[in-house]
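What follows is a short report on a single structure.
The values are calculated or read from the model by the stated rules, or taken from the named source; none is laboratory data. What you see is a predicted model, and the numbers here were worked out from it, not measured in a lab. Backbone-built Cβ (ideal geometry, glycine too); neighbour counts: all protein chains shown. All accessible areas refer to the heavy atoms of the entire protein, side chains included, with ligands and DNA or RNA removed. Shrake-Rupley method; radii C 1.70, N 1.55, O 1.52, S 1.80 Å.
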2 protein chains.
Amino acid sequence: MDKQLEKIRHSASHMLAAAVKKIYPEALLGIGPATEEGFYYDFDKLSIKEEEFGKIEKEMEKLISQNVKFSKKYVTKHEAEKLLKNEKYKLELLGELKGKISLYNSGGFSDLCKGPHVKSAKEIGAFKLIKLAGAYWKGNSKNKMLTRIYGTAFKTKKELADYLEMLRQAELRNHIKLGTQLDLFSFQKESPGSPFFHHKGAVIYNELLNFLREEYLKEGYKEVITPLIYDKSLWETSGHWQHFKENMFILKVDNREFALKPMNCPSHCLIYKDSLKSYRDLPLRIADFAPLHRNELKGALVGLTRVRKLSQDDAHIFLEEEQIESEVSRLIEFTNYVYKKIFNFEYVANLSTRPEKYMGNIKLWNKAEKILKKVLSDKKIKFSIKKGEGAFYGPKIDFDFKDSLGRFHQLTTIQLDFQLPGRFELTYEGEDGKKHVPVMIHRAIFGAIERFMGILLEQYAGHLPLWLAPVQVKIVTVNDNCIKFAESIKNALEGGKIRVELDSRSESIGKKIRDAQLMKIPIIVTIGEKEIKEKSLAVRQDGKVSFGVDVQKFIEETARKIRERC
Amino acid sequence: MDKQLEKIRHSASHMLAAAVKKIYPEALLGIGPATEEGFYYDFDKLSIKEEEFGKIEKEMEKLISQNVKFSKKYVTKHEAEKLLKNEKYKLELLGELKGKISLYNSGGFSDLCKGPHVKSAKEIGAFKLIKLAGAYWKGNSKNKMLTRIYGTAFKTKKELADYLEMLRQAELRNHIKLGTQLDLFSFQKESPGSPFFHHKGAVIYNELLNFLREEYLKEGYKEVITPLIYDKSLWETSGHWQHFKENMFILKVDNREFALKPMNCPSHCLIYKDSLKSYRDLPLRIADFAPLHRNELKGALVGLTRVRKLSQDDAHIFLEEEQIESEVSRLIEFTNYVYKKIFNFEYVANLSTRPEKYMGNIKLWNKAEKILKKVLSDKKIKFSIKKGEGAFYGPKIDFDFKDSLGRFHQLTTIQLDFQLPGRFELTYEGEDGKKHVPVMIHRAIFGAIERFMGILLEQYAGHLPLWLAPVQVKIVTVNDNCIKFAESIKNALEGGKIRVELDSRSESIGKKIRDAQLMKIPIIVTIGEKEIKEKSLAVRQDGKVSFGVDVQKFIEETARKIRERC
């Protein structure tokens, strides 16, 4: 955020506080910083509804139109205490400060504040209060819950309008709302953070897995199915018990501690180790869609984005050092295929390099980092280097994908691991007849399927591509005379493995089409007397209507598009 | 078991005890009953190996050839105590008896026993000792572990030979051995009772699910994907907390008790309840392959048959009372299709009726039982009635399937439930505009997929039908000149969605064919100079070899067989 924008937002938050104190004099001030998205101010003893925002905004506008000046003043702690004697939260903050105390004054409003601020209120080009929320004092759940008012501010009215439109779009695309509206999934209090995929959601989910399975066949991945609960000894070997225990769900089994698995890597090490391996078996690509569980805080759970139960399109590749380059190259091609050919997302790549507290052989680190850079360059992929941000066990490449609202999501990761194979004592017999320890790559293309589905729903605002749509074709009848023909068309489409629903209710054709559009069904076929007579179809697709469409051709063409994932 | 066979086996166990006491006089006697499979006798202070069975059998044969007589004698408790004074286990049993004590004498051997026995040892037509095992005294793990010798006995040598051949076949077909031999799955100490499906096992698993999913489409099932951990309150509503808690794995979540789900029914009730339902939505068929967990005793776990983690081909059907007949009829057709058309199993059906402690409306019970009988009769299915063996919440039909060794397995169940919908307060709006409570059917066709897979492996002795085989075609090359052509054939087969492996090792063609046969691969294609010249294939399938097979025809024919699940 640029400095001026930060000043504008911080100053707007002071205006907000001044306005609130004027209208609700009993309110007590918390803190009010600028943020990436705007600003907020926390208040105690303020019980309001969002409907009252208009009143507050009016008062803020009045202050701005008076073009009040912001001025900084240094006072002694004692003087500050006198000035803020009725503001217990400010006094608490003051108690933590030393030396000269800086105050900001704007109009009649004084606040304990380091600044910087705008010179005068007119610099706040445009602002708006956005929403109310509760927030613990100092972010600590043991403290009192205060009332937080969120707002945003910009240099110009145009920028504010653009931002509000973006919010509106995001709200329209909100995957949680779409989940309910399109009957895709729900959440139930009996299992917080674990989505219930209704049938239509399960269809999308399974189509995503089918797509991956097809690609896995081409790419030589071997899918496995693994247990979900494991003895603590496994997690001690992998290091999860030491570093990740608070994120795992623990249970007692046979009077021992077990955990629900949060990741698949240890399971795959056990499968690797189940039989002897030779260099001829490498690269060995083990894929798994096992459900994973992570003990996220209940308050942090959000729709499909932050969940406790998830499945990743997870794979672990065991390979020789010499195979790193070709394998990472393949993985990048795979990523390009998935995102550029199938989903049409742009991305930026990052290479995270050796951290200070790294483990393993520095020569291998250097070699690996060089290889990763080379592969990215060879493929003409622009990337940033995140220096020292690799994991202690190896460097990684990750990709941030830009959605249609310009937001970035980290999805694909390719993570080298020089440590875990050693911890599990994995070996293979090399061409030299000697035992070697393989390198391991942890990689996911979608990441968590749940989160990916949420992002897709928002990306397409619910209008999923044909191959992913839970219902691909909706047949609607003009009247009851059309039902018989409509049913025969439905059967024919089903024979072509097309997901189809028939709406033969006694409603108007207009209402039935609107209902299908509300459910964001990509193809709507209407059947009336004309269609029956001509044995043809009227097809609504991609915003166009075609009449007299040949049934067989329609089925073939639609089946082809689905098969080819157009 | 007929009475005479029981006498023979019980008498053989006395012969065993007599022989053991003669060879190992320090051994102490436990108990020695006849069983469904033969007989056993438990001994303390007997440390032997199976290699010593020959010696014992010889001694038993001697006793039988002497045609020792079995005679019963009643004595007082005091007399019995004197006779058995050195047998502490017998004395313990004696302590629990009252009145006259019955002893059996055969040759010099006396045993505390009620009989009945054969008159003389010659009636034991044929016997054999089978195996050694440990067994706790009185079956209680707090007691001492004794040495159990298992044997079997028959009226004739022919019957014994048949039985031993059956055992040999069962051993050859043992799914746990096949699992290792064919690289299908393994078990690891870190997660007892939870199979690790290696890639080839996962292929079979997923093919079984694909098959069901295709049928589900035709049958109108709606697959869902549901969470695995649920708050205790859910299990209290369903009744599992009261009746099934010791079989569930409990964990702490958000400082509350949660459980890993052992069954899907409550999840499906939550989905049903998530939106209003009308009679037009029924029958609503919700299917789920979610992993389930059941806390089986570690000692009771057996291969894929008795596991802690499993998935069922589970579905719950919510319906109106009037729909029971047509729905059960559909379910039986489905069962027939799966087992008669696809897997070729015979079955016997059982109808379990109202138990004494039933719940709900007796009229509904009577009506439902009448309907179930009618459907079975209409379909000309022979069934036994298990009177009073229904669950408290509704009657059920189950099917016992006979495998190729004549063993029966209960797989399919169709269970009516008049209780659970009420406990979950499920309703639908009837055609009359009023609220009604739906009936629920719990049903599984395969049962647990894991167990079903185990049974299939034994049924086919590992020679799975083509569509289920993890590798459907193995291509083997005569020499290195053939590799290029072989690779092109491999690609062509893969293009036809056939699972194929190429063996181009520098081994003899004979060894490569034998290796493929050991892996029970249904089709073996050999490529030599002749095939390259003629651009044709030599195909080994169903015990026959065909030369000069046209490549395209072979691919089409094989793909068709897979598609049609021949």
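Applying D = kT/(6 pi eta Rh) to chain B, where Rh is the Kirkwood radius over alpha-carbon pairs, T corresponds to 20 °C and eta to 1.002 mPa s, the Stokes-Einstein value obtained is 76 µm²/s.
Among chain B residues, the one whose Cβ is nearest the axis of the rotation from B to A, given with its distance rounded to whole Å, is B:LEU251, 2.
For region B:3-172, relative contact order (Cα pairs under 8 Å, six or more residues apart, normalised by length) works out to 27 percent. With a ≥ b ≥ c the root eigenvalues of the C-alpha gyration tensor of region B:341-484, is it rounded (a/c under 1.5), prolate (a/b larger than b/c) or oblate? It is prolate, given that a/c is not under 1.5 and a/b is the larger ratio.
Measure off, as a whole percent, the carbon and sulfur share of the 1.4 Å-probe accessible area of the protein assembly as shown, all protein chains present. Write down the numbers at each step before the final one.
Numbers: 26740 of 52890 Å².
Carbon plus sulfur share of accessible area: 51 percent.
When only Cα pairs below 8 angstrom with a gap of at least 6 residues are kept, chain A shows a relative contact order of 10 percent.
Pairing chains A and B buries close to 3900 square angstrom of accessible surface in total, based on protein heavy atoms and a 1.4 angstrom probe. Here region A:407-464 has an Rg and Dmax of 18.5, 56 Å, counting Cα atoms alone. Distance between the modelled labels on A:GLN66 and A:GLN517, one decimal in nanometres: 5.1 nm (7 Å Cα→Cβ projection).
Using heavy-atom solvent-accessible surface (probe 1.4 Å) with all chains present, what is the largest-first order of A:TYR358, B:TYR74, A:TYR24? Write out the running numbers ahead of the final one.
On the way: A:TYR358 75, B:TYR74 130, A:TYR24 25 Å².
Ranked from most to least accessible, the order is B:TYR74, A:TYR358, A:TYR24.
Ranked from shortest, the separations from the 7 Å Cα-to-Cβ label point of B:GLY528 to its equivalents in the other copies are 7.1 nm.
What does the charge count around A:ILE101 come to, taking other residues whose C-beta lies under 13 Å from its C-beta (Lys +1, Arg +1, Asp -1, Glu -1)?
+4
The 3J(HN,Hα) values that the Karplus relation (6.51, -1.76, 1.60; θ = phi - 60°) gives for region A:532-540 are, in residue order, 5, 4, 8, 6, 9, 10, 9, 10, 9 Hz. Gly and Pro appear as x.
Going through the cross-link list B:LYS474/B:LYS544; A:LYS245/A:LYS298; A:LYS261/B:LYS309; A:LYS82/A:LYS128; A:LYS77/A:LYS155, which pairs have a Cα-Cα distance over 24 Å in this structure?
Working: B:LYS474/B:LYS544 15 Å; A:LYS245/A:LYS298 17 Å; A:LYS261/B:LYS309 14 Å; A:LYS82/A:LYS128 33 Å; A:LYS77/A:LYS155 35 Å.
Cα-Cα > 24 Å for A:LYS82/A:LYS128; A:LYS77/A:LYS155; rest within.
When only alpha carbons are used to place a centre, region A:536-566 and region B:299-342 end up 38 Å from one another.
List the longest stretch of chain A that has no exposed loop site; here a site is one of the GluC sites (Glu not before Pro) assigned by DSSP to anything other than H, G, I, E or B, with at most 12 other Cβ within 10 Å. Before the final figure, lay out each step's value.
Numbers: sites that count: A:GLU26, A:GLU36, A:GLU96, A:GLU356, A:GLU425, A:GLU431, A:GLU564.
The longest such stretch corresponds to A:97-355.
Return the percentage of antiparallel bridges among DSSP beta bridges fully within the protein assembly as shown, rounded to the nearest 5 %. Please list the in-between numbers first.
Details: 171 of 203 bridges.
Looking only at bridges with both residues in the protein assembly as shown, the antiparallel portion is about 85 percent.
Expressed as a fraction of 2.2 N^0.38 Å, the value expected for a compact globular protein of N residues, the C-alpha radius of gyration of the protein assembly as shown is 1.15. Diffusion coefficient (Stokes-Einstein, Kirkwood radius over C-alpha pairs, 4 °C, 1.567 mPa s) for region A:102-246: 59 µm²/s, rounded to a whole number. Per the helix-only calculation at 222 nm, which mean residue ellipticity applies to chain B, given -39500 (n - 2.57) for every DSSP H run of n ≥ 4 and division by its residues, nearest 500 deg cm²/dmol? One gets -11000 deg cm²/dmol as the mean residue ellipticity at 222 nm.
Solvent-accessible surface of region A:3-172, averaged per residue with a 1.4 angstrom probe and all protein chains in place: 54 square angstrom. Sparsely packed loop sites in region B:128-177 (the chymotrypsin sites (Phe, Trp or Tyr not before Pro) outside DSSP H, G, I, E and B with at most 15 other Cβ atoms within 10 Å) do not occur.
Dividing the convex hull volume of the alpha carbon atoms of region A:167-229 by its residue count gives 149 Å³ per residue. The ellipsoid that matches the Cα gyration tensor of region B:24-102 has semi-axes, each √(5λ) in whole angstrom, of 26, 17, 13, with the longest given first. Annotation: region B:200-342 has a Kirkwood hydrodynamic radius of 17.1 angstrom, from the mean reciprocal C-alpha pair distance.
Shape index of region B:3-172: Rg/Rh, with Rg the Cα radius of gyration and Rh the Kirkwood radius from the inverse mean 1/r over Cα pairs, equals 0.96. Would you give the gap between the C-alpha center of region A:121-138 and the C-alpha center of region A:140-180, rounded to a whole Å? The two parts, judged by their Cα centres, are 10 Å apart. Placing pseudo-labels 7 Å out from each Cα toward the beta carbon at B:GLU321 and B:SER384 gives an inter-label distance of 3.2 nm.
What residues of region A:294-326 lose no less than 50 Å² of accessible area with every protein chain in place versus their chain by itself (probe 1.4 Å, heavy atoms only)? With the partner chains in place, region A:294-326 has these residues losing at least 50 Å²: A:LYS309.
Here the gap between B:LYS100 and B:SER329, fully extended at 0.36 nm per residue and compared with their Cα-Cα distance, gives a gain of 76.7 nm. Both the radius of gyration and Dmax for region B:473-563 are 11.9, 34 Å, in that order, over alpha-carbon atoms. Each other copy holds its own label point for A:PHE244; taking that point as 7 Å from Cα along Cα to Cβ, the gaps run 3.0 nm, nearest first. Once the Cβ-Cβ distance of A:HIS243 and A:SER404 is raised to the sixth power relative to R0 = 30 Å, the FRET efficiency obtained is 0.25. Using 0.36 nm per residue and subtracting the Cα-Cα separation, the extra length available between A:ALA492 and A:LYS434 on full extension is 14.8 nm. Amide H to amide H, with H built 1.01 Å from N, A:GLY193 comes under 5 Å of no residue 5 or more places away or on another chain. Modelled spin-label separation between A:LEU91 and B:VAL348, with each label point placed 7 Å from Cα along the Cα-to-Cβ direction: 8.7 nm.
Rolling a 1.4 Å sphere over the protein heavy atoms, what is the accessible area per residue of region A:473-563, to the nearest Å²?
Values: 5010 Å² over 91 residues.
In whole numbers, region A:473-563 has 55 Å² accessible per residue.
Full extension of the chain between A:GLU507 and A:THR76 yields a length gain of 147.5 nm, computed as 0.36 nm times the residue separation minus the alpha carbon distance.
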